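Engineer: Here it is: the structure, laid out below.
Just so you know, all these numbers are worked out from the coordinates, no wet-lab data involved. Please read these numbers as outputs of a predicted model, since none were measured by experiment. Here Cβ is always computed from backbone atoms with ideal geometry, including for glycine, and neighbour counts include all displayed protein chains.
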Amino acid sequence: AAMPATGLALQWLELFPKLPISGMTGSIAANCTLIAVDGDHWLLHLDPAHSALFNATQQRRLNDALNHFHGRTLTISIELIKPEQETPAQAASRRRVNRQREAEESIHGDPLIQQMMQQFGAVVRHDTIEPVEAPVPQAS
């Protein structure tokens, strides 16, 4: 696992979900991390394991999305180097694993579940435990 994101890599984690991208471009961006910013030139590292779909068109789409989001012209360079810090895809995976672990701990810590296991020999099927996403409050 990559190190937790700090500095520019953390900024990329926070920026990524706000970008107007999806599909292949979104997948490529999710496996990048921001390495350097020099004025309006940004350098990203893309994990080579996720570079099969990377090409000039995808880089242009990502660059266009960044320009649109920031309201100015940026230039990005993407190097195929395994990021040392966590990418958005890795962060999402870590969050899913943590939510799953918390769901399992919640089930096993539930007094009613424990009682059913002790009294009736109930068994928890681990493949059926899924974390429940908290509903997002709607603005009125």
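Engineer: What does the extension gain come out to for ALA36 and LEU80, with contour length at 0.36 nm per residue minus their alpha carbon separation?
Structural biologist: So the extension gain works out to 14.4 nm.
Engineer: Have a look at SER106, SER22, SER77 and tell me which one the Gaussian network model of the chain (Cα, springs below 10 Å) gives the largest fluctuation.
Structural biologist: Maximum among the listed residues: SER106.
Engineer: Let me ask you something else. What spacing in nm lies between the two simple spin-label points modelled at ARG95 and ALA122, each 7 Å away from Cα in the Cβ direction?
Structural biologist: Output for this residue pair reads 3.1 nm.
Engineer: Hey, any idea what Rg/Rh is for the chain, computing Rh the Kirkwood way over Cα pairs?
Structural biologist: Using only Cα positions, Rg/Rh for the chain is 1.15.
Engineer: Arrange the following residues from fewest to most other Cβ atoms within 10 Å of their Cβ: THR25, THR128.
Structural biologist: THR128, THR25
Engineer: Quick one: check the C-alpha center-to-center distance for region 114-134 versus region 63-108, whole angstrom.
Structural biologist: 31
Engineer: How tilted is helix 56-70 with respect to the longest principal axis of the chain? Cα atoms for both, answer in degrees (0 to 90, nearest 10).
Structural biologist: Computed tilt is about 80 degrees.
Engineer: Using only the alpha-carbon atoms, how far is helix 88-109 inclined from the longest principal axis of the chain? Give it as 0 to 90 degrees, nearest 10.
Structural biologist: The angle comes out at about 10 degrees.
Engineer: Follow-up question, since we're still on this one. With both bridge residues required to lie in the chain, what share of the DSSP beta bridges run antiparallel, to the nearest 5%?
Structural biologist: 45
Engineer: I need the peptides 46-53, 120-127, 30-37, 108-115 ranked by packing, meaning the mean over residues of other C-beta atoms within 10 angstrom, with the highest value on top.
Structural biologist: The peptides rank, most packed first, as 30-37, 46-53, 108-115, 120-127.
Engineer: Another question, then. Within a 10 angstrom radius of the beta carbon, how do LEU10, LEU44 rank from fewest other beta carbons to most?
Structural biologist: LEU10, LEU44
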